Amino acid sequence: MTDRIQSVKGMHDILTDATPGWRAIEDRIINILDRYGYREIRIPVVERTELFKRSIGEATDIVTKEMYSFTDQGEDSLTLRPEGTAGCVRAVLQNSLLQQSALRLWYMGPMFRREQPQKGRTRQFHQIGVEVFGLEGPDIDAEIIMMSARIWRDLGVPDLVLQINTLGTPAARQNYRRVLVDYFTANQDQLDTDSRNRMLKNPLRILDSKHPAMQELIRNAPGVEDHLDAASLAHFTGLQALLTGANIDFVVNPRLVRGLDYYSKTVFEWTTDRLGAQGTVCAGGRYDGLVEHFGGKPTPATGFALGLERLVELVGAAATNTDPAGTDVYFILAGERAVTAGFRLAEQIRDQLPVRVLLHCGGGSFKSQFKKADKSGARLALILGESEVDRGYIAIKPLRHDEPQTEVRWDGLIPALKLALEL
């Protein structure tokens, strides 16, 4: 007996009972993005490996440990995208989209990281990302944070906490980097192996370490707030004033650094304590130097990404999927002429009414078809046999309420369905 092929570890099927809930969440988020004037862009799942090495940082865990990279037949090193910002920047530059004064974009799709699978963390995961190019003030940072807050309100997501910080301009960040290197070098006997490797390449990432034995050392490390230039301070102060004015609660977390090298100035996270260790639901910030780093003109940029798996977990299936099958009308057909007429009538319904119509296929007795109609979750069964075809009538049977079966002429079917389905 041949062994069944299983899915790849950490990559999960989203089955039919769950997809309506996913779609409901996605549609509501997309509606909000549209109302704010953001436009969709679709970018490839596979990019050149160098794109992520240059943007995310060669010393990051993502690049060194987690990327799915391979060499194709043309000897090119390619990678399944671990995040969306780098690919979006590449697309914007390649297609000369920065000629506009400001560009507000969003995208959605799967990302891939070879992490240890656990609740809220999978190796194929799904994100909705937002990217803005050409606006440098704290007002656009405030807009995307307010937009994310509106998403949580619309979905009814409870108890998310907004944490914000600033990493300063690239020059200020570089000065702070030197201070951290001196501090951690003096205490390197307390560092774990990963932190020793990060110390010279990206010491800010040490501040994000969760190693229990290092927490006191991290708490006593010099803070970025003491090494900011005037421009960074003004930007961060302006952001806080805008959020306060919009009644957006936040916590300033001076140890929030994010895991990607391209961030500067504003960084933020929306977190929860309802998902265990994987508490970050949405995160983002500014990356003003990334476009220039890829060969474009100096361009301010900011954005965020939210994790759909974690959001679905928080919202819960009951809030988004009260009718898993989603069927309104089920056609029960008996006889060759009834099947022909049923197909025609089903198409007329689909043309004229916003309802879900399921047409029975595969034959079977009336009894077996009724069982399948009931199992489908349909609200109504439409019954068509040879005698109904001869008379030009069709029977309507409510399946969710104890009401009598009725008959209508074919030309009266649409009005009858509007009344029965309260359309």
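Loop-located GluC sites (Glu not before Pro) in segment 26-112 (DSSP state other than H, G, I, E, B) with a sparse environment of at most 14 neighbouring Cβ atoms within 10 Å: 58, 75. Counting only Cβ charges, +1 for Lys and Arg and -1 for Asp and Glu, the dipole size of segment 329-420 around its Cα centre is about 360 debye. Helix 19-35 versus the longest principal axis of the chain: what angle, 0 to 90°, nearest 10, using Cα atoms? With rounding to tens, the tilt is 60 degrees. If you take the square roots of the eigenvalues of the alpha-carbon gyration tensor of the chain and sort them as a ≥ b ≥ c, do you get rounded (a/c under 1.5), prolate (a/b over b/c) or oblate? Verdict is prolate for the chain. Relative to the current alpha-carbon distance between residue 409 and residue 116, full extension at 0.36 nm per residue lengthens the span by 99.4 nm.
A Förster distance of 35 Å, applied to the separation of the beta-carbon atoms of residue 42 and residue 136, puts the FRET efficiency at 0.85. Here r is the Cβ-Cβ distance between residue 244 and residue 27 and R0 is 35 Å; the resulting FRET efficiency, rounded to 0.05, is 0.65.
Need one word for segment 329-420: rounded, prolate or oblate. Basis is the Cα gyration tensor (sqrt eigenvalues a ≥ b ≥ c); a/c below 1.5 gives rounded, then a/b vs b/c decides.
Rounded, because the longest to shortest axis ratio a/c is under 1.5.
Distance between the C-alpha centers of segment 342-404 and segment 160-233? Whole Å please. The two parts, judged by their Cα centres, are 66 Å apart.
Each Cα pair of segment 235-320 feeds into the Kirkwood radius, which the Stokes-Einstein equation turns, at 37 °C and 0.692 mPa s, into a diffusion coefficient of 219 µm²/s.
For segment 185-197, the Karplus equation 6.51 cos²θ - 1.76 cosθ + 1.60, evaluated at θ = phi - 60°, returns couplings of 5, 5, 10, 5, 5, 9, 8, 7, 4, 4, 5, 4, 5 Hz by residue, with Gly and Pro reported as x. Note on segment 276-290 and segment 3-26: Cα centroid distance 25 Å, given to the nearest whole angstrom.
Filter the trypsin sites (Lys or Arg not before Pro) in segment 144-240 to those in DSSP coil with at most 11 other Cβ atoms within 10 Å of their Cβ, and list the result. The partial results should precede the final answer.
Numbers: sites: 150, 153, 173, 177, 178, 196, 198, 201, 205, 210, 219; in loops: 210.
Sites meeting the loop and neighbour criteria: 210.
Taking the square roots of five times each eigenvalue of the Cα gyration tensor of segment 1-67, the equivalent ellipsoid has semi-axes of 28, 27, 10 Å, listed largest first. Each residue in 209, 7 was given a count of other beta-carbon atoms within 10 angstrom of its own, and listing them fewest first yields 7, 209. When you filter the trypsin sites (Lys or Arg not before Pro) in segment 326-423 for DSSP loop state and at most 13 other Cβ atoms inside 10 Å of their Cβ, you are left with 400.
For the chain, the relative contact order comes to 15 percent (Cα pairs under 8 Å, sequence separation of at least 6).
From the residues 419, 394, 338, which one has its Cα farthest along the dipole of segment 329-420 in the positive direction, the dipole being from +1 and -1 charges on Cβ of Lys/Arg and Asp/Glu about the Cα centre? Of 419, 394, 338, it is 419.
A short reminder: the numbers here are calculations on the coordinates, not readings from a lab. A quick note: this is a predicted structure, and the numbers were derived from the prediction, not measured. With ideal geometry, Cβ positions are generated from the backbone for all residues, glycine too; neighbour counts draw on all protein chains shown.
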